[in-house]
Structure formats: structure tokens, C-alpha cells
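Undergrad: Supplied in C-alpha cells, the structure appears directly below.
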Amino acid sequence: MDAERACLSRRDALLAGARLVLLAPLAGLPMPLRAARAAHAPRSVARLGALRVGEPVWFDYPRPGLPAMLVRLGVTAGGGVGPQRDIVAFSARCTHLGGPLEGAFDAANQLLGPCPRHLTRFDLTRHGVVLSGHATQALPQIVLELDGDAILAVGVQGLVFGDGAAHG
Amino acid sequence: MADRPPVAPPRAEQIGTACDYCVVGCAYRVWRWPADGGAATPPPSEGTPRADEPPWANPAQHNIVAWQGRPHHVLVLPDPLARAVNPGGGHSMRGGTLAQKCHHPGNRTRERLTTPLLRVGGVLREVSWDDAIEVMARVSQHVLARHGEHAWGIKAYSYQYFENTYAIARLAFDAVGTPAFAPHDKCAATNDAAGLDDAGIEAFAPSYDDWGACEVLFCSGTDPFETKATLFTTQIMRGAEPGKTLIFATPHRSGGVAWGLKQGGLWLPVIPGTDSVLNQAIARVIVERGWQDQGFIDRWVARRWEVDQGLGRGTRDTPWQWRTTWGLFQSDWADYRAFLLAREELALAQAARITGVDAALIERAAELLARPRADGSRPKASFMLEKGNYWSNNYMNSASLAALGLVCGAGNRPGRVIGRGGGHQRGWAGAPGMPGWLSPEKYPGRRRKPLNLDRWLIDGRLRFAWVFGTTWIGAMAASAELERAIAALTVERPEQPRRADAAHAAEALIARADAGGMVLVDSDIYPVDPLGTRYADIVLPAATWGEADFTRCNGERRLRLYARFCDPPGQARPDWQAVQAFARRMGWGDRFAWRDASEVFEEAARHGRGGVYDYDELVRQARRDGLPGHEALRRLGPDGIQTPVRRTGERLIGTVRLHDPDQALPDADRWRTRLLQGFATHSGKAVLLKAPWDFPGWSEFYAAARPRTDQGELWITNGRIDEVWQSGFDDRRKPYTAARGVVQMLFIHPRDAAARGVSNGDLVRVSNDAVYVQTGMPLGVQAHEQHFDALLAAGHIRVTRGSFEAVAVLDDGMREGVAKAGFNHPGQHANAVCHAVPDPLTNNYRYKLGRGRVESLGPSAQAAGFDGPSLKPRGSV
């Protein structure tokens, strides 16, 4: 188990529980599904000194066309980085049916949502868990690391809705 | 690369089905292929459509199941071929995780019951089906011979597929002939929204399109966003009228209410129990301003003599006959109008005080619902009710909602409908009717009242009970009282089997029944705590959705086949087969002779003829085509067909809505039924019913049941919490929903919380030290004898206690003075603080009217940390 996974083990456990289908004594077992963390080349997406509580920074991640949001919440959050461990980032594409969450940041409650399509809301303090609504995946959390004043996105925990062709 | 589910190969088998969960019944499609590299299963049956590609799937929509003993991948996804219900792939968190419902030994679905169990020396031991049935039959034969059919009862779901409910009903009502029967959500075999029924409105008359086509939607006691997600997102947010205005009457501003407000709608934060005043106060404003739909009323509201028509002379002996002709409630337009204008409680200021809804909001609601526009046209208004309305002041809340709708011209036209939103799907195929005349209970006069099974049990009259697929205890009012009685009659008795031997066990249980105890059998898919785990003598493993072919209708009477695609675990069987095995051993095999599920479906069709869920024409057509009924239904694809199913020439046609005289009836020469073209009364007209606030059958109870604010009590109401389906039996085991956590919650206003020292995330104890339980069987010669004060004076009200614990969620969307918990959380029963005193008009419990003190026990385990469910408010604006 590599070092990065070790420091995320709690989140891995939570999200792995949400999607890992363990295998069992059925005859002829296929290979286990892998856990949900995808690493990407580190990329600076914001600067620590420029962040203000409750004011999101929007960017595309992990690729162009996939909206994402970084924000300093003002309260400690799961997976949060920074001195108060309150800086988080998430995919901004609703995991229900891919609706756009841009502009749906609720600073008072630290939520993304309601999604304009079907009103799902995600709790950004708890790894993007669905607060209320229809999504069957937590909102994918973007793994952040600090490098001095730079905030780097280094990976995504979870599947961005529709990511990749439907058939591999 | 992240863990996307495996790709479905082009030749993967596709199986059509629909959701196991809420009333909406979204269409789903299963892609299935071998997981062990073996040969693919045979191609699908001819005539069934295939989708090109599955929609995008996440891991919660994938599983590996056993099919014919071999592991197979399955993807369970919204059906791309569906043109009804959820076109475009709509789904909720419930249906969206159906794949994870399937049995997989690697996760907590391994907890499925797989063998029959017999309690020996207090511990459940595995036994064979033959032995379990043998014990049940010997005990049943003795109980029936010695104690009579009244001592033998069934408590069963009313919705878990026609094949099962038909077999259960045939057993209970035909073979045994007992009146000791109650469905999952009521203490007796009654109608839920009796006031709606009495008005002549079928609960599921509307089509989903009607909810979509209205311009104003009044939701009484429900937020369909929480409980009927895809109906809300497809029709209520959109539909033919995407700009519609929403009016919600509920004490909780949840997600849908918040959205409605943003769209310019209204939230009427009604005090629990006062909906009849609210509904009639709105109607009064409408009438005062002359905004009623007079043309509709003149044509469709029954006159006084039309209400009486066809009943002949003599006393009115069925409940609806009695209620609709009782001067207290019976009305026609002139009388109803005069009633509205004369009642003190309906004057705006009084109504605002009683209901807690601002006078301005009451007036605004009236305006939105009924004020004609400049061009004289009327807003298209529709009216939906659910349990916040009728599990309260049961009869009068539902009657007054129906009346409000009728005054506004709703009830029988596209986009102008009145109906239930629904909870479960419609899966009751009730065979021969229940022998209601055998019930020992009665209303004043000569009217039979359905037997209250909870009270029958508590009073020690039930010697054998077979429970199908319900928790019973947590689902009924005064849960703690019911549980104590069950314990005392079963595990706390001295008569217990000491060996796992059928003859010995039967002898011991017969001795218990003869000594006044009860033998309990629990059929379910998972161990049910505590009914099955602690008290049942025999536990039977049931096969569920996906593991057998089943049928039922959704909330717009859409009939579909829920096809089998995986193996049931171990020895689990569909409940209809368990019933059949028992019936055969009892010597009734000739009446339970089905060879497969389709034969049950086909036989049940005969009993549904002329009713709302009539699919007899489908079965006849199938026979002419030489097909099993199930196969004919499979070939109709994901849209199925709406019942009543009719035929013109060779073509089967579905019925879009009931009561609508203008709907096209190409088969008018063959089909003539009042239900399709008129209201469900003998005159075909709807009945207006008054709901006087001071009716003592209500007002005495309300005065006694209200929170004692001097003791710091709040209303403790309850309801479904969106993502938790019923008791969470699946949600606790599906990896995705289990990882979120299933906890009992109490939504409470921040000011109510602060006054009690409760912080967000605290574990709280909610307790009511005066829970009223109606006891004995008051026969009621005079009407008032079944009202609360007389019951109390005559010693028919026991006062007991109840409590539960929950995680507090501070939510300014809760009405102050009212807190709300999950209605059926296992182990923490919200109903424990609810009084078990039925509405004397209907014999239905008033589940939403609990009360209690709320005290903090300090931070809960969910308060800290970043896992588990979110404790944020759900409907912030």
C-alpha cells in the first residue's frame, strides 16, 4: 500500500465501502474490483493566500470539460487541507444524472446543491455524501495537497458521472 | 483508473423489471452476463425489445449474483426503453441502488434468511421446510378446531406483488375464513383515506401525467421530492406544465417544499391534526369570493337525494353508507356552502389560530387554487394527499381535502385530479373478500367494524399469527405496548419447544395456545428485530424482487412484470409457495394448485374483474394466444399497461385515468363501468362531506393527545426520510447506503432545540409518559361511547409510556413546536410516543400525532467525524 493511500485510508474505507464489491466463495471468482482512487499528475488549482472563506474557485478537473470547485469552508471538513483543514475540492457534476452544480454552492450550509436538474444536495464537510436527493454515489472528492502557497489537485476519489466512454 | 463497473458485452441478456420500492415504480432493465468466463446464457425470449447500450453505471448499480448456480455480472439501470414513468433515466437513491439489493455473500446481504428456523429453548435453529410446515399445520389445525378461526390471524404487507397477496388472501379469507387480518400499515383491514373513498374518489384515479399537467398542485401531508422522487422530478418539476405553482401543507420544509417556494409557491406549516380546518378555511375563502367551479359542482356534486339514492330504506350498515348519510357529515352543495360560511373555526382569524398558518397564506392559497383569470378561465388545480393528511384526523382530513378539490373543480379531468400520491406500489390482489361480518367489533348501530388486530393480540385472543414482510411492532402505534404483549404471549411463556423435532414442537406450541399464549410465524427476507429475532417461533425465508417472477401495479395503475434474474439464496421461496405448502398440508391443496407464478397471476385476474386493477382482458388474450399470462405481460415491455385493462378488437388498451367521462372509450360498446366515466358512488357523482372541528370523536382525542407545553412537550410527528426505505432493511445492507449510515433522526427547530439544550448531532431521548392505548372492545351502543372521554371513563384507555432515541438535526424548516422522526426506524420506534387510539369513524390509527419531551444525551456517534449521514438541514432556502 503506497504512502498516499495510507494517509487517505479513512476516506478510502468510507468510499471503498460504498463501491467495493467483495468477492466470495462462488465458483470461479473474477478478480476483485479495484478501490476508487485515481491519481493524476499534480496541478496547481488555487493559492492558499488568495482564498476567502465561502468563496469558491471553479476550474476543470481532471480534464477540460469536467467542472470542479475548490473552496475554503471555514469549518473543518473530511479530506480538508490547510491550517484549519477546511479547504476541499469536489467535482461539480452531479453524480445522479450529470447535472451542473456550477453556481450551486451553499456557503451557509457547506453544501453543493440543490442540483438544478433534480435537486440533490451534497455535504462538502463529509466527503461529498448525499445530504438529500437521488445520487447513488457521493460527489467525487478531489484530493488536494499543499506545496507552499500552492494548492495542488493530485487525484480524484470516486467516479465523475459519465467519465470515459460508457464502454471502457 | 477508478473502478467503473465492468462493461456489458453486446450479447448480455437483458431482463425487464421495475423498481421494488416506492409507489412511482420506475422501469429498470437488467444486463446480465457470466462472471466466470463461461458460456453466455441463452438469448432472450422472442418478442421482447432490447436496448442498444446500457446507460452509464456506477458501482452501486453493479453486482455479481448467482443465476442458475453460476456467478453473473448484473447492471440494474433505469430502462432506456421506458417511455412512461421515468423516461430519460430518472431514478432515486432507492431504485438507483437496486443492484446492491441482490444477495451477495461478500457483503451484509449475506444476512438474508436462507432456511426455515424454529425457536428451541429460546434459540432459533435451522429446520427443513417440511418440518416447519408440519409444526405450523398441526398447531393451526388444533387452534382452528379448538379456538376457532378468530384465533388464527395474519398480519401481512398489502403490496408485495399480486402472486403473494392473492395466495395470502385466499388462505386467510377463503381457506381459514378469519376476520383477524391486518395489513402492514394499519391495525385493521380498513381503507386508508376513508374520507377520499367516501367522496367517491379512487385513490389512484390519476395518471402521473395529470400531476404534470396541472398549473397548481396542492400537496397535503406529503413532499413528493422526499418520497416519490421520480414523480417529483419528472412531472411535478416538469411535466406538461413546468411552471406550475406548488402549495405544501406540512410542518416540514423539506427539499421539495424549498424548491416550490423558490418557484413562487407556498408552504403552509400546518400544526399536526388541523388539516381539516385548513382545507375548509381555504374553501371558505373561495366560496366567499365566488371562485368555486360552479359548473363542475352543478354537474358533478351529488344532491342530497342522490347521496341517499340506491340505499333503500333502513339503517345504513356499511361504514361508507353510514358516514355519507349521517347528518354530521352528509352534505350537498347548498348545505356545504352554508356550513363553510357558518362555522366559527373556519373564519379566517380563527382558522389561522387553530392551524398555525397565517391568514394571508390561507387567502393566497385560495387565490392560487381557484381565482379565475381575467379571461374567465380557471387555474388547473390538482390535489394530492398522503399520510401527513390521513394518518392524523383520519376521516375528516381526507374528507375535507376531497371537498376542497371538488369545490375547485378537480376530480375527473386531465390535470384536474384528486388522489393519493402513494407510498408503496399497488400489489394487493385480494382474492375473495374478507369475512368482515365475522368481526366482533362494531360501530354504534348495527355496523360491523374491522377487527383491530393489535388490540385482539393484546387482549390475548390471537393464538396463532402468521406475519408476512412487516416489522409490525415499530409500524404500529404504542409500539412498546404491543411489543410487551407479544413477548408475554410468546417467549415469556413456559410452553417452549425443547428439541428441534416437529411433533414435539407442535405439542409444546399447542399447549401454549391452549394456555392462552400465541404461536408466531414470521416470513421475511431478513431477520426482523425484534419480531423475528426475539419472539417468532418459526421464521421462514422469503424470496424477493429479482429472485422470482412477480407482478403488480404502480401508482398510476401501470401493470408490469418484475422478472426474475437471479437465484434466491439458500431455501428462500416466494411467499405464495410457502402459503401453498402450508395449505396443502392443511388439506386445502385443491384451492392452491398452481404450478407456477403465472398460474397464480392468471387465477387472481378473475377476482379483479370490474375493479381498479382489473387485468382480466390481458389474461384472456394470453390464453387465446397460447401464452402464459406472465409472458404476455413481459411482451408489453417496460411501459406495461394501465389497468383497468380493456380490449377493442384484438388490441388491449390501458385506462389513463378514472372518473373521466370525456376520455376516449373506443370500446364503449363493450365496456361500461361507472368507475371510468363517473365517480365511485352509486350515483356516479361525488359526495361533499363536512368535517366539523368540534366532532367529539376527534375533538376529545385532540384535547387529550396534544403536547403538554407546560411540560415542555413538542408534537413528535414522523414520516419517511427520503433515502431510507421503510425500516431500512435493504439500506442497512447495501454497501452504498450502509456506508452513508442509517440512523434515526429527529428534525427539530433550532429554537426548540436551544430551549432544551440540544445541539446539532446530539443523541436525544424523546419520551411520552402518557401514551394512550385503547383496550378491550367497546361495542358502542350510543355514538359517544366510542369517543375518547367516554372510553376513558369506562376504563377503556390505558395510559402507558413510550420513548425512542434519535440524532437531532437542527432544521429551521421544521415548524416550531413540531419535531419529526423517521417513521419506521428499527429499534428506535417513533410510534412509541404515538397513541393507539383509532379514529372512531374508521378504526385507523393517528400515527402522525405523537408528542413528547426531548432531552439531550450528549453528542451522538454521528456528530463528530466526517463519515456517516449528513446532519445538515435538507430544505434550506
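The values are calculated or read from the model by the stated rules, or taken from the named source; none is laboratory data. Remember, it's a predicted structure, so these values are computed and weren't measured experimentally. Reconstructed Cβ throughout: ideal geometry from the backbone, glycine too, with neighbour counts over all protein chains shown. Surface areas here come from the heavy atoms of the whole protein model, side chains and all, with no ligands, DNA or RNA. Shrake-Rupley method; radii C 1.70, N 1.55, O 1.52, S 1.80 Å.
Undergrad: Pull up all non-local amide H partners of residue B:441: gap of 5 or more, or a different chain, and H-to-H distance under 5 Å with H placed in the peptide plane.
TA: The list, which skips near neighbours in sequence, is B:449.
Undergrad: Tell me the label-point distance for the pair residue B:708, residue B:51, using the 7 Å Cα-to-Cβ offset, in nm and rounded to one decimal.
TA: Placing both labels 7 Å beyond Cα along the Cβ direction yields 5.7 nm.
Undergrad: Something else about it: Using helices alone, I'd like the mean residue ellipticity at 222 nm for chain B: each DSSP H run of four-plus residues gives -39500 (n - 2.57), total over residue count, nearest 500.
TA: Calculated from helices alone, the mean residue ellipticity at 222 nm is -7500 deg cm²/dmol.
Undergrad: Turning to a different aspect of this structure: Taking the Cα of residue B:856, stepping 7 Å toward and past its beta carbon, and measuring to each backbone N in segment B:688-730: which are under 18 Å?
TA: The answer is B:712-714, whose backbone nitrogens lie closer than 18 Å to the label point.
Undergrad: Here's a follow-up. When all protein chains stay in place, what accessible area (Å², nearest 10, 1.4 Å probe) is found for residue B:323?
TA: 20 Å²
Undergrad: What three numbers, in Å, describe the spread of the alpha carbons of segment B:186-233 along their principal axes, ordered from the longest?
TA: So the three principal-axis extents are 34, 23, 16 Å.
Undergrad: Given a 1.4 Å probe and heavy atoms of the protein chains only, how would you sort B:136, B:586, B:434, largest accessible area at the top?
TA: Final ranking, largest accessible area leading: B:434, B:586, B:136.
Undergrad: How long are the semi-axes of the equivalent ellipsoid of segment B:592-716, taking √(5λ) for every eigenvalue λ of the Cα gyration tensor, in whole Å from largest down?
TA: Semi-axes (√(5λ), whole Å): 44, 23, 13.
Undergrad: If I model a spin label as a point 7 Å beyond the Cα along the Cα-Cβ vector, how far apart are those points for residue A:40 and residue A:76 in nm?
TA: 2.9 nm
Undergrad: Now, a different point. From zero up to wherever the largest Cα-Cα distance of segment B:271-366 sits, split into 5 Å bins and tell me the percent of pairs in each.
TA: 2, 13, 20, 18, 17, 14, 10, 4, 2, 0
Undergrad: Also, I was wondering about something else. Can you tell me the relative contact order of chain B? Whole percent, Cα pairs under 8 Å, sequence separation 6 or more.
TA: 18 percent
Undergrad: Additional query: Would you mind estimating how fast segment B:747-877 diffuses translationally, via Stokes-Einstein at 20 °C and 1.002 mPa s with the Kirkwood radius over Cα pairs, in µm²/s?
TA: Approximately 130 µm²/s, per Stokes-Einstein.
Undergrad: Run through every distinct alpha carbon pair of segment A:119-164 and return the Kirkwood hydrodynamic radius in angstroms, one decimal place.
TA: Computed over Cα pairs of segment A:119-164, the Kirkwood hydrodynamic radius comes out at 11.9 Å.
Undergrad: Using only atoms on other chains, find how many Cβ atoms lie within 10 Å of each Cβ of peptide B:710-723 and report the average.
TA: Taking the mean over all residues of the peptide, I get 1.
Undergrad: I would also like to ask the following. Can you put B:304, B:623, B:343 in order of accessible area, largest first, using a 1.4 Å probe?
TA: Sorted by accessible area, descending: B:623, B:304, B:343.
Undergrad: Roughly speaking, what % of Cα-Cα pairs in the protein assembly as shown are separated by over 58 Å, rounded to a whole number?
TA: Result: 8 percent of Cα pairs exceed 58 Å.
Undergrad: Over the Cα atoms, compute the radius of gyration (one decimal) and Dmax (the largest Cα-Cα distance, rounded to a whole number) for segment B:254-298, in Å.
TA: Computed over the Cα atoms of segment B:254-298, radius of gyration and Dmax are 13.9, 39 Å.
Undergrad: Any chance you could get the radius of gyration and Dmax over the Cα atoms of segment B:105-234, in Å?
TA: Considering segment B:105-234 through its Cα atoms, Rg and Dmax are 21.2, 63 Å.
Undergrad: What is the extension gain from residue B:754 to residue B:699, computed as 0.36 nm multiplied by their sequence separation minus the C-alpha to C-alpha distance, in nm to one decimal?
TA: 16.7 nm is the gain from fully extending residue B:754 to residue B:699.
Undergrad: Can I ask one more? In what order, largest first, do B:288, B:163 sit by accessible area if the probe radius is 1.4 Å?
TA: Ranked from most to least accessible, the order is B:288, B:163.
Undergrad: Fully extended, how many nm does the chain gain between residue B:126 and residue B:347 (0.36 nm per residue separation, minus their Cα-Cα distance)?
TA: Difference between extended and current length: 73.1 nm.
Undergrad: Could you give the length gained by full extension between residue B:784 and residue B:816, i.e. 0.36 nm per residue of separation minus their alpha carbon distance, to one decimal place?
TA: Taking 0.36 nm per residue and subtracting the Cα distance, the gain is 8.1 nm.
Undergrad: Right, here's the next one. Given the C-alpha centroids of segment B:68-139 and segment B:454-472, what is the distance between them in whole angstrom?
TA: Cα centroid to Cα centroid, the span is 25 Å.
Undergrad: On to the next question. Considering amide H positions built from the backbone, and no H for Pro or chain starts, which residues 5 or more places from residue B:127, or on another chain, come under 5 Å of its amide H?
TA: Long-range HN contacts for residue B:127: B:117, B:118.
Undergrad: Let me ask something else. Residue B:228: which lysines have alpha carbons under 24 Å from its alpha carbon, excluding same-chain residues fewer than 8 sequence positions away?
TA: B:101, B:186, B:244, B:262, B:380, B:387, B:734, B:820, B:848, B:872
Undergrad: Follow-up question, since we're still on this one. Once Rh is set to the Kirkwood radius over Cα pairs, what Stokes-Einstein translational diffusion coefficient, in µm²/s, holds for segment B:328-451 at a temperature of 4 °C and a viscosity of 1.567 mPa s?
TA: 73 µm²/s
Undergrad: Tell me, what is the 1.4 Å probe accessible area of residue B:736, in Å² to the nearest 10?
TA: Counting only protein heavy atoms, the figure is 10 Å².
Undergrad: Suppose we keep just the DSSP beta bridges with both residues in chain B; what percent of those would be antiparallel, to 5?
TA: 60 percent
Undergrad: Expressed as a fraction of 2.2 N^0.38 Å, the rule-of-thumb size for a compact globular protein of N residues, what is the C-alpha radius of gyration of segment B:469-537?
TA: 1.14
Undergrad: I need two numbers for segment B:768-845: Rg to one decimal and Dmax as a whole number, Cα atoms only, in Å.
TA: 15.7, 48
Undergrad: Same structure, new question: Using alpha carbon centroids, what distance separates segment B:359-383 and segment A:119-168, in Å?
TA: That distance is 44 Å.
Undergrad: Roughly to the nearest percent, how much of the accessible area of segment B:683-818 is carbon and sulfur, given a 1.4 Å probe?
TA: For segment B:683-818, the apolar C and S fraction of the accessible surface comes to 49 percent.
Undergrad: How high is the FRET efficiency between residue B:83 and residue B:624 when r is their beta carbon distance and R₀ equals 30 Å, given to the nearest 0.05?
TA: In this case the efficiency is close to 0.70.
Undergrad: Here's a follow-up. Go ahead and run the numbers for FRET between residue B:606 and residue B:114, Cβ-Cβ distance against an R0 of 56 Å, rounding to 0.05.
TA: Given R0 = 56 Å and the Cβ-Cβ separation, E is 0.95.
Undergrad: What distance in nm separates the two pseudo spin-label positions at residue B:373 and residue A:149, each 7 Å out from Cα along the beta-carbon direction?
TA: In this crude label model, residue B:373 to residue A:149 measures out at 5.8 nm.
Undergrad: Evaluate segment B:228-327: find the radius of gyration of its Cα atoms, find its Kirkwood radius, and give the ratio Rg to Rh.
TA: Computed over Cα atoms, the ratio is 1.10.
Undergrad: Collect residues whose amide H, placed 1.01 Å from N in the peptide plane, falls under 5 Å from the amide H of residue B:201; neighbours closer than 5 in sequence don't count.
TA: When sequence neighbours closer than 5 places are left aside, the close amide H contacts are B:680.
Undergrad: When the Kirkwood hydrodynamic radius is evaluated over all pairs of different C-alpha atoms of chain B, what value in angstrom, to one decimal, is obtained?
TA: Result for chain B, one decimal place: 27.8 Å.
Undergrad: Determine which residues of segment B:629-643 fall in the zone a paramagnetic label at residue B:667 would reach in this model, i.e. backbone nitrogen under 15 Å from the point 7 Å along Cα→Cβ.
TA: In segment B:629-643, the label zone of residue B:667 (backbone N under 15 Å from the point 7 Å along Cα→Cβ) covers B:633, B:641-643.
Undergrad: Sticking with this structure for a sec: Please give me the summed charge of the neighbours of residue A:96: other residues whose Cβ is under 14 Å from its Cβ, Lys and Arg +1, Asp and Glu -1.
TA: Spelling it out: positives minus negatives among the neighbours equals +2.
Undergrad: Follow-up. Taking the square root of 5 times each eigenvalue of the Cα gyration tensor, what semi-axes in Å does the equivalent ellipsoid of segment B:59-146 have, largest first?
TA: Equivalent ellipsoid semi-axes, largest first: 39, 19, 12 Å.
Undergrad: Excluding ligands, DNA and RNA, what is the solvent-accessible area per residue of segment B:1-152 at a probe of 1.4 Å, expressed in Å²?
TA: In whole numbers, segment B:1-152 has 35 Å² accessible per residue.
Undergrad: Counting only DSSP beta bridges with both residues in the protein assembly as shown, tell me the antiparallel percent, nearest 5.
TA: Percent antiparallel among DSSP bridges in the protein assembly as shown is about 65.
Undergrad: Same structure, new question: Which FRET efficiency value, to the nearest 0.05, do you get for residue B:864 and residue B:145 by plugging their Cβ-Cβ distance into 1/(1 + (r/R0)^6) with R0 = 45 Å?
TA: Efficiency for this residue pair is about 0.15.
Undergrad: Turning to a different aspect of this structure: What are the ³J(HN,Hα) values, in whole Hz, obtained from phi via the Karplus relation 6.51 cos²θ - 1.76 cosθ + 1.60 with θ = phi - 60°, for each residue of segment B:703-718 in sequence order, with x given for Gly and Pro?
TA: Here the 3J(HN,Hα) series is 4, 7, 8, 4, x, 8, 5, 5, 9, x, 7, 10, 4, 10, 9, 8 Hz.
Undergrad: May I pose another question? When DSSP beta bridges are limited to those with both residues in segment B:723-877, what percentage is antiparallel, rounded to the nearest 5?
TA: Approximately 75 percent, going by the DSSP bridge assignments.
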